[in-house]
Amino acid sequence: MTLETVMVSRAWRVLVLLALVLLPPKLASAAEAHWPQVLTLGTASEGGTYYVYGEGLARLLSRELGIAVVARPTGGPVDNIKLLETGEIQLAFVTQGVALQAWNANAAWTGGRQYRNMRAMFAMYDTPFQFQVLSDSPIQSFADFAGKRIGVGPEGGTTATYFPEFLRALKVEATLVSGDWAVLAEKSVARSIDALAVGAGVPAPFLIDIERRAKVRYLPLTRQEIATLRLAMPELSASVVAAGSYPTLRRRYDTVGLFNFAVAHKDLPDDLVTAIVNTVFAHNGQMIEFHPAAAETIPSNITRNNFIPLHGGAVSWYRSRLTPGVVHSD
């Protein structure tokens with residue numbers, strides 16, 4: 001563990017304690033005696049969809065469940081899975097592809113270790129891969145990424161994990177630049193990087209921020225490129241960003257994507273997880289206010305989950321409301 005990681009971990013322990021101390025009296029203890037007093041939710045870097053969605057979800061759960069839920073910025077799904085495994089966080093956001101790598105220990109970042117403490121609670125939204133360049137950029141196709149500097153988000157995030165595989169599958173070599181999305185947005189506007197490759201829920205806040213300050217284009221994938229990527233990575237699905245999702249996006253944008261899921265540590269009480277799932281779906285309108293991507297946070301999308309076992313508390317919720325047989329657990 002690096003010194004930086006230790007310092008971040010200690011800082012978040014302090015923030016969690018402060019959150020508990022500063023809670024209003026009615027939230028000073030868990031709603032149920034056997035529930036933990038504080039839950040930490042792993043999100044991603046500031047400026048991204050996970051971060052905005054997670055901040056809103058944490059406030060909603062804290063208010064409705066009488067329990068302190070603290071949203072923690074992280075590097076993204078890889079970091080979240082590692083932190084969940086150790087119990088440092090209890091709730092997390094993951095993309096199905098990274099979760100599959102963790103479950104099977106078939107990616108380099110796992111070091112051959114299987115990460116299997118995660119249990120699915122609910123489907124969040126699709127993560128389309130989006131490629132943004134400044135409008136006067138010479139980059140006109142994916143092949144033009146060759147030799148360019150491409151911002152891919154924080155290490156451990158979905159894009160930083162998958163984009164190297166995209167390059168490998170499409171036989172393109174480029175220089176990858178990692179970092180928080182907000183920092184990479186600044187670098188894009190300053191032209192110190194040539195493009196952004198972004199796997200994020202739509203609209204990604206930092207992409208909109210760039211559009212406020214510069215003219216941009218969104219670089220599409222060809223049908224052949226989409227087919228090649230899906231053959232190389234079967235967990236990818238066809239994905240579409242609707243026209244108008246960004247100010248300059250005037251026609252549908254065809255790409256590939258991964259669905260996102262909110263997961264919980266397998267040892268959280270079943271009735272707590274049932275309450276979390278019920279709160280999210282009962283307040284979908286408010287979730288959409290937090291971020292428009294939550295329009296896809298609906299019960300039927302749980303069927304987009306191909307392998308992550310459902311938490312027992314989630315199973316109870318879905319079985320009482322959906323057709324039998326569409327959910328599975330351990």
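The values are calculated or read from the model by the stated rules, or taken from the named source; none is laboratory data. Keep in mind that this is a model prediction, so the values were computed, not measured. No Cβ is skipped: glycine too gets one built from the backbone with ideal geometry, and neighbour counts run over all protein chains shown. The area values use the complete protein model at the heavy-atom level, side chains included, leaving out ligands, DNA and RNA. Shrake-Rupley method; radii C 1.70, N 1.55, O 1.52, S 1.80 Å.
Based on this model, can you work out whether residue 265 counts as open to solvent by less than 40 Å² (accessible area, probe 1.4 Å), farther than 30 Å from residue 228 by Cα and in contact with an Asp or Glu (Cβ under 8 Å, 6 or more places away or on another chain)? For residue 265, the condition - open to solvent by less than 40 Å² (accessible area, probe 1.4 Å), farther than 30 Å from residue 228 by Cα and in contact with an Asp or Glu (Cβ under 8 Å, 6 or more places away or on another chain) - is not met. Looking only at residues in region 178-222 that are out of contact with any helix residue (DSSP H, G or I) (no Cβ under 7 Å at 6 or more places or on another chain) and assigned to a strand (DSSP E or B), the one that is most open to solvent (accessible area, probe 1.4 Å) is 217. The requirement of being open to solvent by 10 Å² or more (accessible area, probe 1.4 Å), of a type in the set (Phe, Trp, Tyr) and in contact with a Phe, Trp or Tyr (Cβ under 7 Å, 6 or more places away or on another chain) is not satisfied by residue 281.
Listed here are the residues, each with its yes/no results for (1) modelled with pLDDT under 95; (2) under 21 Å from the mean Cα position of the chain (by Cα).
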residue	(1), (2)
133	no, no
141	no, no
149	no, no
165	no, yes
171	no, no
178	no, yes
185	no, yes
206	yes, yes
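Listed here are the residues, each with its yes/no results for (1) open to solvent by less than 20 Å² (accessible area, probe 1.4 Å); (2) over 18 Å from the mean Cα position of the chain (by Cα); (3) on the phi > 0 side of the Ramachandran plot; (4) of a type in the set (Gly, Ala, Ser).
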{"position": "68", "(1), (2), (3), (4)": "yes, yes, no, yes"}
{"position": "77", "(1), (2), (3), (4)": "yes, no, no, no"}
{"position": "83", "(1), (2), (3), (4)": "no, no, no, no"}
{"position": "89", "(1), (2), (3), (4)": "yes, no, no, no"}
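Considering only helices (runs of 4 or more DSSP H) fully contained in region 1-104, which possess at least 3 residues that are modelled with pLDDT of 90 or more and of a type in the set (A, V, I, L, M)?
Details: elements: 3-21, 49-65, 77-86, 96-104.
Answer list for region 1-104: 49-65, 77-86, 96-104.
The condition (being farther than 28 Å from residue 142 by Cα and touching a residue at least 60 places away in the same chain (Cβ under 8 Å)) is satisfied by just one residue among 284, 260, 306: 306. In region 277-313, what count of residues is obtained for those that are aromatic (Phe, Trp, Tyr) and over 16 Å from the mean Cα position of the chain (by Cα)? Looking only at that region, the number is 2. If the condition is being within 11 Å of residue 123 (Cβ to Cβ), in a helix (DSSP H, G or I) and of a type in the set (Ser, Thr, Tyr), then region 276-317 contributes 300, 303.
Take the conditions (1) touching a residue at least 60 places away in the same chain (Cβ under 8 Å); (2) not hydroxyl-bearing (Ser, Thr, Tyr); (3) not in a helix (DSSP H, G or I); residue 254 misses just one of them, which is (1).
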